[in-house]
Each structure stands twice: as C-alpha cells, then as structure tokens.
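**Q** Submitted below is the structure of interest, expressed as structure tokens.
The numbers here are math on the coordinates, done by the rules we state, and not lab data. These figures come from a predicted structure and were not determined experimentally. Every residue, glycine as well, gets a Cβ built from its backbone with ideal geometry; the counts of neighbours run over all protein chains shown.
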Amino acid sequence: MSENRSRLAVVTGASSGIGAATARALDAAGFEVALGARRVDRIEKLAAEIGGQAKFLDVTGSGSVEEFASWTESLGGASVLVNNAGGAKGLEPVAEMVEENWRWMFETNVLSIGLMTRALLPQIRRSANGHVVIIGSAAGVETYPGGSGYNAAKFAAHAIKENLRLELLGKDVRITEILPGAVETEFGLVRFGGDKERAETPYKGIIPLTAEDVAECVRWAVSLPPHVNVDRIDVKPVRQAGVARFVREA
Ligand SMILES: NC(=O)c1ccc[n+]([C@@H]2O[C@H](COP(=O)([O-])OP(=O)(O)OC[C@H]3O[C@@H](n4cnc5c(N)ncnc54)[C@H](OP(=O)(O)O)[C@@H]3O)[C@@H](O)[C@H]2O)c1
C-alpha cells in the first residue's frame, strides 16, 4: 500500500455516494486525494475529515475543469483520475424523451469524461503510475425499458473507455471501467427529482451494493502493480443478474 503514498488521486463527484466512498477508500490506501464537486460544503467537510483537498468542480464546463486541472498541477499533478460524477434523470421511453434530461445526462456522464481526461492526461502521463478510472454502469452494456437516455450516455462512457484503452496503449497509463448494478446512493433521488418513494423502489427486496462496495473495486484496481490493467469490473448485488433482472424477497 505504501507505493500509493505520494500519488494524487482526483475523484469527481466526491460529494456523495460512490465518489465520497472512493475518496475515503483511496485515502485509506495511502493516496493523496483531491475531491471535486459542485456542493463545496460537502467536499470540504469530507476533505477535512480525511486530510484531503477539495475544490469546486463542474465537470460539464471546460472553464471549471481547466481551473481544477491547474489546481491539481499546483498540488504536484494527478496520478489517478476517477471519472465518477454522473447520474440519471427520468425513466421516459424515447417517444416521450425529455430534452433537458438527455442533455444533462450526456453532459454529466459523457462530455465530463472527455473534458476531465483531456485536462488531466498530461499530469497523469507524467506520473510514473498513471491511471484513468471510469465509473460506468451495467446500463452501459445492457438496455432496459425507459433507460434510453441513461443507457445511451453510459454506452458512450463505455465506448470512451474502449477508445482510451487503444489510445493509451504504449503510453503506460492504465484505464479501468467499473460497471455497477444497483447501488444505494442519492442516484434515485436525482433520477426522480427528489421523490423518495420512487427512488427507493429499485432496492426493495434485495440487498443493494453500497457505495463502499464499488469504492473497493476502484481501490483494488488502482493499487495493483503498474503493469496490471484491469479493463473492466462488472459488479452487482447477488440478487441482480441483469439491469432489469432481480429476484426480490416478498
Ligand atoms: N447508484 C447506482 O445504482 C449506480 C449504478 C451504476 C453506476 N452509477 C454511477 O455512479 C456514479 C456516481 O453515482 P452515485 O450513485 O454515487 O450517485 P450520487 O450519490 O447522486 O452522486 C453523484 C455525484 O455526481 C456529482 N455530480 C453531478 N453533476 C456534476 C457536475 N456537473 N459536476 C461535478 N459533479 C457532479 C454530484 O456532486 P454535486 O451535485 O455536488 O456536484 C455527486 O457527488 C455516476 O456516474 C452514476 O451514473 C450509479
């Protein structure tokens, strides 16, 4: 674990759920952690708790991303980038698609990866042990009714991982995609505009993954020796075998 000491890990969307748990897990694994998100109060609190650093970040804006990258440069440069910020909005079929929701999903889950990776790759390449992680989704390789906007965004995130694997070949930068199934976070609240009842429905009758379960996948992949590239990790609750295939307790 001590090999991680002095490696700076950037976690986007570190104010909640998987991002917050990843920041904690990487700190515990010896990384210096730089947390980014829009809700600065939350990331500052978490950074103070773990001895990390926090800065406002809107992953959908190139200005904000560039400013963030200058800041991580001043901290010594990033070695690991965890592209975690993202989420879903709505569950409408294509025939009733809500333009605003699709734009949000494409910008937050897809454009963000391009902007963040473009800005941080020079620092990551300079580090002896560079690694880009994408928090994709099981919805990035399998569709479900009503999932179209989110599916399209996460399929795109999956494609970017495949592209990056080819583009980074020979440059000694690792790339890993984590594809979780159902994880209990604020994801459902965001998807359903704060409707708690709808947000909790997917987790009924199963034991969902926790944010910590996914964070552990990230920690493991980035802590392996530099010659080991874990291309992707599919991780789901034991009672989930597909994006819409659950066996639930009555
Ligand atoms: N929960 C699941 O079942 C599940 C399953 C598969 C994949 N995922 C993926 O896992 C990732 C994390 O989601 P989560 O489940 O942990 O949900 P979450 O608790 O809602 O966290 C989402 C995070 O994304 C950040 N974010 C959203 N828009 C942003 C922006 N424009 N700029 C910067 N940060 C932004 C939020 O921070 P601010 O609002 O403070 O900016 C928040 O920290 C997402 O990519 C999601 O698609 C989740």
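**Q** Can you tell which of 110, 132 is away from the ligand (no atom under 12 Å from the Cβ), β-branched (Val, Ile, Thr), under 18 Å from the mean Cα position of the chain (by Cα) and within 27 Å of residue 68 (Cα to Cα)?
**A** Answer to the selection: 132.
**Q** Let me ask you something else. Name the residues in the stretch 152-189 that are under 14 Å from residue 18 (Cα atoms), of a type in the set (Ser, Thr, Tyr) and in contact with a strand residue (DSSP E or B) (Cβ under 7 Å, 6 or more places away or on another chain), would you?
**A** none
**Q** Among the charged types (D, E, K, R) and closer than 17 Å to residue 12 by Cβ: which single residue out of 162, 167, 200, 186 fits that description?
**A** Values: 162 fails: closer than 17 Å to residue 12 by Cβ; 167 fails: closer than 17 Å to residue 12 by Cβ; 200 fails: closer than 17 Å to residue 12 by Cβ.
Criteria check complete, one pass: 186.
**Q** I'd like to know if the stretch 137-150 contains one or more residues that are surrounded by 17 or more Cβ atoms within 10 Å (Cβ to Cβ), among the hydrophobic types (A, V, I, L, M, F, W, C) and within 13 Å of the ligand (Cβ to nearest atom). Steps first, answer last, please.
**A** Narrowing the stretch 137-150 to residues surrounded by 17 or more Cβ atoms within 10 Å (Cβ to Cβ): 137-140, 142, 147-150.
Checking the rest, the ones that are also among the hydrophobic types (A, V, I, L, M, F, W, C) come to 138-139.
Next cut, within 13 Å of the ligand (Cβ to nearest atom) only: 138-139.
Yes, that holds for at least one residue.
**Q** Right, next: Filter the stretch 22-39 down to the residues that are part of a helix (DSSP H, G or I) and farther than 14 Å from residue 85 by Cβ, then identify the one that is farthest from the ligand (Cβ to nearest atom). I'd like the intermediate steps shown before the answer.
**A** Kept after step one, since they are part of a helix (DSSP H, G or I), are these residues of the stretch 22-39: 22-28.
Still in the running and farther than 14 Å from residue 85 by Cβ: 24-28.
Numbers: 24: 13, 25: 13, 26: 15, 27: 16, 28: 18 Å.
Only one residue fits best here, namely 28.
**Q** Given the conditions (1) more than 13 Å from the ligand (Cβ to nearest atom); (2) charged (D, E, K, R); (3) free of Cβ contacts under 8 Å to residues at least 40 places away in the same chain; (4) more than 26 Å from residue 176 (Cβ to Cβ), which single one is not true for residue 92?
**A** (3)
**Q** From the list 60, 117, exactly one residue is within 13 Å of the ligand (Cβ to nearest atom), surrounded by fewer than 24 Cβ atoms within 10 Å (Cβ to Cβ) and not hydrophobic (A, V, I, L, M, F, W, C). Which is it?
**A** None of the other options fit; the residue is 60.
**Q** Give all pairs with beta carbons closer than 9 Å in which a residue from the stretch 223-237 that is closer than 17 Å to residue 136 by Cα meets a residue that is among the aromatic types (Phe, Trp, Tyr); count only pairs at least 6 apart in sequence or on separate chains.
**A** Sorted first by the residue in the stretch 223-237, then by its partner, the pairs are 230/220; 233/220; 237/203; 237/246.
**Q** Scan the helices (runs of 4 or more DSSP H) fully inside the stretch 48-145 and keep the ones with 1 or more residues being touching a Leu at 6+ places or on another chain (Cβ under 9 Å) and closer than 21 Å to residue 29 by Cα. Give the steps one after another, and end with the answer.
**A** Working: elements: 62-74, 99-106, 112-126.
So the answer is 62-74, 112-126.
**Q** Just to be sure, is residue 29 hydrophobic (A, V, I, L, M, F, W, C), on the phi < 0 side of the Ramachandran plot and free of Cβ contacts under 8 Å to residues at least 12 places away in the same chain?
**A** So residue 29 fails the test.
**Q** Does residue 40 meet the test of being under 18 Å from the mean Cα position of the chain (by Cα) and surrounded by fewer than 17 Cβ atoms within 10 Å (Cβ to Cβ)? Give the steps one after another, and end with the answer.
**A** Working: under 18 Å from the mean Cα position of the chain (by Cα): yes; surrounded by fewer than 17 Cβ atoms within 10 Å (Cβ to Cβ): yes.
It is true that residue 40 is under 18 Å from the mean Cα position of the chain (by Cα) and surrounded by fewer than 17 Cβ atoms within 10 Å (Cβ to Cβ).
**Q** Condition check: of a type outside the set (S, T, N, Q), within 14 Å of the ligand (Cβ to nearest atom) and more than 19 Å from residue 105 (Cα to Cα). Does residue 225 satisfy that?
**A** Values: of a type outside the set (S, T, N, Q): yes; within 14 Å of the ligand (Cβ to nearest atom): no; more than 19 Å from residue 105 (Cα to Cα): yes.
Taking the combined requirement at face value, the residue does not satisfy it.
**Q** List every residue pair whose Cβ atoms lie under 7 Å apart, where the two residues are 6 or more positions apart in sequence or sit on different chains, the first residue falls within the stretch 152-163 and is assigned to a helix (DSSP H, G or I), and the second residue, located anywhere, is of a type in the set (D, E, K, R).
**A** Final answer for the pair search is 158/177; 161/177.
**Q** Filtering the stretch 75-89 down to residues that are surrounded by fewer than 20 Cβ atoms within 10 Å (Cβ to Cβ) and closer than 13 Å to residue 33 by Cβ, which residue is farthest from the ligand (Cβ to nearest atom)?
**A** Among them, the one singled out is 76.
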